[in-house]
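Each reported figure results from applying straightforward, stated rules to the coordinates on display, with no laboratory input. Bear in mind the structure is a predicted one, so any value in this text is a computation, not a measurement. No Cβ is skipped: glycine too gets one built from the backbone with ideal geometry, and neighbour counts run over all protein chains shown.
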Amino acid sequence: MLCLIGVGINEYGSLSSGSIEILKNSDMVYIERFTGFLSNEFLEKVRSVVDDYGVSRQKKRIAVQLVKRWFVEDGRQILENSLKENVSILIYGDPLIATTYNDLLVRAKKQSIPYKVIHSSSGITSLIGESGLHYYKFGKMVTIMSDPMSSITVYDTIYNNICLGLHTLILTEYNNDSENDGLSPYSPSPFFLSPKKVFDLLLERENELKLLNLSENSFVIVAYKIGTESSKVICGKIKSLMNIEFEGGPNSIIIPGTLHFTEVDSIKNLTVVLDDPIDNSAKIDRLSNRMLDKYIPNAKKALSALSLLIEEDITIKKEYSVVLENAENYLYDAENFYKQGRTELAILSVGYAEGLIDSIRFQKGMDPW
């Protein structure tokens, strides 16, 4: 049997009594820390508990093995052992947040291997809750790596979310691949991408793309070591958070979109506030706005020029007066839709107006553009 056990966000203190019983009755326990960091103290505590239980019941010693990402993603050894023995995997947070474990369960199901999932608290839902923001107001979440190229996707995700008034959760790179495979307390410390590096990368993208109007005055939230005794949620302008040294991790960044007044109240009372919250969505340079700021004036100018050209020919004027009137009405609609924030309808109306203007241009050889 295969059992996926969520450790939660507070290491051994998060494990339920039921989870501990499952560990005691396992034949093999795998521990991974690529989905989230688990301390050497936690690893030693688990080994101590299962060893003490085995000695008291005169059972064979339970194998406790620290495994790397490739071992879990490959999964063949895990599934092979699960066919014959009770195998448990200890996973930071909630097991099924990581798609790796969904895949492992699918493969177990196809091989008729019985499985069980013990859910626990997730760092993602926990940090959102502690931020004071409404969970349902978050858009797509994204992970940023130390490789500068990864920040392009992150920047685009923030932009798309903020266009909808939504908040963006940015998970930061965590790398523990350099550790050894044993339970030695001398395993090297993992790498956590710092909030300062995240801000640097995003500001570099802003300098190139100039859509978010992101600056050192933008309001952000940093969730630091959620679930530990060092846990902090600090909010403020980027320039204020740049000067803070966040030692270790995990670190997560939230770029808020439109803030509800209850969210502002929660932020001010439940987090460490360095600067008053501000609405990041108010400064965003939407692509649709750029298009309309260009297309509407251009179309109006072309329509005016075309009207003057047609005025010189009475026959053409009579034939195409209705077409010109419809083009003018579409532009009127576009301006009103734009003022109402209905940008998709505004762009559509401009397109119809331009189509009517071009129909005369192609048929009569009049170029008003």
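Under 5 Å between amide hydrogens, built in the peptide plane, is the criterion, and for Leu211 it picks out nothing among residues at least 5 positions away or on other chains. How tilted is helix 314-339 with respect to the longest principal axis of the chain? Cα atoms for both, answer in degrees (0 to 90, nearest 10). Roughly 30 degrees between the two axes. Answer rounded, prolate or oblate for the stretch 4-123, using the Cα gyration tensor with square roots of eigenvalues a ≥ b ≥ c: rounded when a/c is under 1.5, else prolate when a/b is larger than b/c, else oblate. Judged from the Cα gyration tensor, the stretch 4-123 comes out oblate (a/c at least 1.5, b/c at or above a/b). Remark: spin-label model distance Met149-Asn207 equals 2.0 nm, labels positioned 7 Å along the Cα→Cβ axis.
Quote to one decimal, in nm, the extra length available between Lys318 and Tyr332 on full extension: 0.36 nm per residue of separation minus the C-alpha distance between them. Spell out each step's value before the answer.
Working: separation 14, 0.36 × 14 = 5.04 nm, distance 2.20 nm.
Full extension from Lys318 to Tyr332 adds 2.8 nm.
Annotation: amide H-H contacts under 5 Å for Phe138 (H modelled 1.01 Å from N, sequence separation of 5 or more, or interchain): His167.
Can you tell me the length gained on complete extension of the stretch Asn243 to Leu348, counting 0.36 nm per residue apart and subtracting the Cα distance?
Working: separation 105, 0.36 × 105 = 37.80 nm, distance 4.64 nm.
Result: 33.2 nm gained on full extension.
Each Lys and Arg adds +1 at its Cβ and each Asp and Glu adds -1 at its Cβ; summed about the Cα centre, the chain shows a dipole of about 980 debye.
GNM on the chain, alpha-carbon springs under 10 angstrom: the most fluctuating residue among Ile296, Ile89, Ile278 is Ile296. Between the helical axis of 261-270 and the longest alpha-carbon principal axis of the chain there is an angle of about 30 degrees.
Short-range pairs are left out: with C-alpha atoms under 8 Å and at least six residues apart, the relative contact order of the chain is 15 percent. Full extension of the chain between Glu325 and Ser304 yields a length gain of 6.4 nm, computed as 0.36 nm times the residue separation minus the alpha carbon distance. When Cα Rg over 2.2 N^0.38 Å is computed from the coordinates, the matching label among [x] 1.40; [y] 1.14; [z] 0.95 is [x]. A Förster radius of 35 Å combined with the Cβ-Cβ distance from Thr262 to Asp74 puts the calculated FRET efficiency at roughly 0.15. For a modelled paramagnetic label at Asp276, 7 Å from Cα along Cα-to-Cβ, the residues of the stretch 221-251 in reach, with backbone nitrogen under 14 Å, are 237. Assuming charge only on the beta carbon of Lys and Arg (+1) and of Asp and Glu (-1), the dipole of the stretch 2-121 about its Cα centre is about 360 debye to the nearest 20.
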